[in-house]
Structure formats: C-alpha cells, structure tokens
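Below is one structure, written out as structure tokens, with a few remarks after it.
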Amino acid sequence: MGQTPNFSCASLVELGSCHIKASAGIGAMRRIKPFVPVDTLEKVYKSLVEPYFEYCSPLWDNCGKLLEDKLQRFQSRAARVPTGANYDIRSADIIQTLSWDTLDAKNKFGN
C-alpha cells in the first residue's frame, strides 16, 4: 500500500495487446460502416474499442509520451470512421464533434 506500481516489460506487452485489439475493433467499425447508422458505429466503438483503452489506462500513466501518443492516434483513427472525415481535418476537432473525451482527458479525470 502506498507504493508506486512497478511496470515491467510485461506491461509494454499488455499495452501492445491493447492496441492490437483496439485496432481490430476499428477494423470492424470500418467493415460495417456502409450498413449501419452513425450512432450504431459509436456504440460499436464504445463496446469494442474504448474498453481496451480503459483497461490499459493504469499502464499508460507511466508509459511515456511516445506510447501515449500512439494510443491517442488509435482513438483518432477510430473517430474518423463514423464521421467519414479525411486526414486534412484535425483529429481533436473530430473527437470534439463526437463529444468523446481524449484518452489523456479520461486518464486525468478518471472517467
């Protein structure tokens, strides 16, 4: 109690697993996009992608800026699926349009 957790290489493997599984969820969103409305895509995100980010949240507190940015890019990529936005639009604007919290904001506020 009162000790800072010691995250080892196993934690980095776990982070890798989270981003692989989140990527699979994003792929599922892309495949069903032509057949379902936007609100269904958001529900798929919240059920298939977001839980992996929340599961790994304690790990990326200590993972460094590089891995944190990598995870944020996955959320940004997921946000482009329901909106159909291309890459000339800032991902922060897309996430705000969807009323999603960035991973950093979720991490800071414990949502």
Just to confirm my filter: which helices (runs of 4 or more DSSP H) fall fully inside the range 22-101 and include at least 3 residues that are among the aromatic types (Phe, Trp, Tyr)? 50-60
Selected residue (criterion: modelled with the highest pLDDT) from residues of the range 1-22 that are surrounded by 15 or more Cβ atoms within 10 Å (Cβ to Cβ) and either over 18 Å from residue 72 (Cβ atoms) or of a type in the set (S, T, N, Q) (or both): 11
Residues located in the range 71-97, provided they are out of contact with any helix residue (DSSP H, G or I) (no Cβ under 6 Å at 6 or more places or on another chain) and more than 22 Å from residue 18 (Cα to Cα): 84, 86, 87, 88, 89, 90, 93, 96, 97
Please enumerate the residues belonging to the range 74-87 that are within 14 Å of residue 100 (Cβ to Cβ) and either of a type outside the set (Val, Ile, Thr) or touching a strand residue (DSSP E or B) at 6+ places or on another chain (Cβ under 7 Å) (or both). 74, 75, 76, 77, 78, 79, 80, 82, 85
Name the single residue that is surrounded by the fewest Cβ atoms within 10 Å (Cβ to Cβ) among those in the range 25-39 being closer than 9 Å to residue 81 by Cβ and of a type in the set (D, E, K, R). 30
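The values are calculated or read from the model by the stated rules, or taken from the named source; none is laboratory data. It should be emphasised that the depicted structure is a prediction, and the values quoted were computed from it without experimental measurement. As a convention, Cβ positions derive from the backbone with ideal geometry for all residues, glycine included, and neighbour counts pool all protein chains shown.
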